[in-house]
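Data block below; observations after.
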Amino acid sequence: MEELVQRIKEDGRVLGEGVLKVDSFVTHQVDPDLMEAIGYRFAEVFAQAGITKVVTIEASGIAPALFAAKKLAVPMIFARKAKSLTMDEELLTSSVYSFTKQVTSQISISRKFLSSDDKVLIIDDFLANGQAAKGLVELCQQAGAEVDGIGIVIEKSFQDGRELLEQMGLRVVSLARIASLKNGEVEFLEGDA
Ligand code: 5GP
């Protein structure tokens, strides 16, 4: 997605350890117009899939997922990373090792929001080693819901996430694909959606 690639070139910052900082438009301050364009692009790609729910994980997946859900005219559900006192009902849960925070946390969704009638589009801001997306897939599987695809805003193609998800038989659609973050430079791969 050209608009996103341009924005990463202009405002993305490479941190050590293969991390891209995009806090001025995705992960902290959020650009609503760009998020809308991203969400609508996902909706376009998955328009024929019969999606009934868009599922993401708090916090940075919420903005693009919400716009995708709006365009697909379905609800958006975000998995919570901390259990809320108000979540008293039965939960779907899985553990996710966080690439950036380097801790394992439990993620959860109330069972009442996902069922075997659902066809799910999973959306997240980054794909690194695929643990967040895999955790979301597991929540859907526990509910008996079908995962139709995974929409990623920024894929770091030099990590193993895509391979892991594709080996699980899942379709991965990324709007920007990064080949390398070496020497402080962002190099892109062709073949983004
Ligand atoms: P994975 O679970 O695929 O290893 O990592 C994906 C999660 O880690 C995303 O939800 C995102 O929050 C975070 N993440 C992974 N790589 C990066 C990165 O380079 N920059 C930022 N800002 N977040 C990242």
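Laboratory data are not the source of any read-out in this text; all were calculated from the coordinates shown. All values derive from a computational prediction rather than experimental measurement. Note that we place each Cβ from the backbone using ideal geometry, even for glycine, and neighbour counts take in every protein chain shown.
For the reader, a short list of remarks on this structure follows.
- On Cα atoms only, tilt of 2-11 relative to the major axis of the chain in degrees: 70
- Helix axis angle, 32-45 relative to the chain longest principal axis, alpha carbon, degrees: 70
- Fraction of C-alpha pairs exceeding 20 angstrom in the chain: 52 percent, rounded to a whole number.
- Put the Cα centre of the stretch 43-121 next to the Cα centre of the stretch 125-139 and the gap is 11 Å.
- Listed residues GLN106, ALA79, PHE25: farthest to the positive end of the dipole of the stretch 1-142 (Cβ charges): GLN106
- GNM flexibility winner over the chain from LEU164, LEU127, LEU175 (Cα, springs under 10 Å): LEU164
- On Cα atoms only, tilt of 131-143 relative to the major axis of the chain in degrees: 20
- Debye, to nearest 20: dipole size of the stretch 1-105, +1 on Lys, Arg Cβ, -1 on Asp, Glu Cβ: 200
- Sites excluded, GluC sites (Glu not before Pro) in DSSP loops with at most 14 other C-beta within 10 Å, longest stretch of the chain: 91-184
- Full-stretch length increase - THR86, THR104 - with 0.36 nm per residue and alpha-carbon distance subtracted: 4.2 nm
- The P(r) of the stretch 123-186 has a tail past 21 Å containing 21 percent of all C-alpha pairs.
- Nitroxide proxy distance, nm - points 7 Å out along Cα→Cβ at ALA37 and MET168: 3.0
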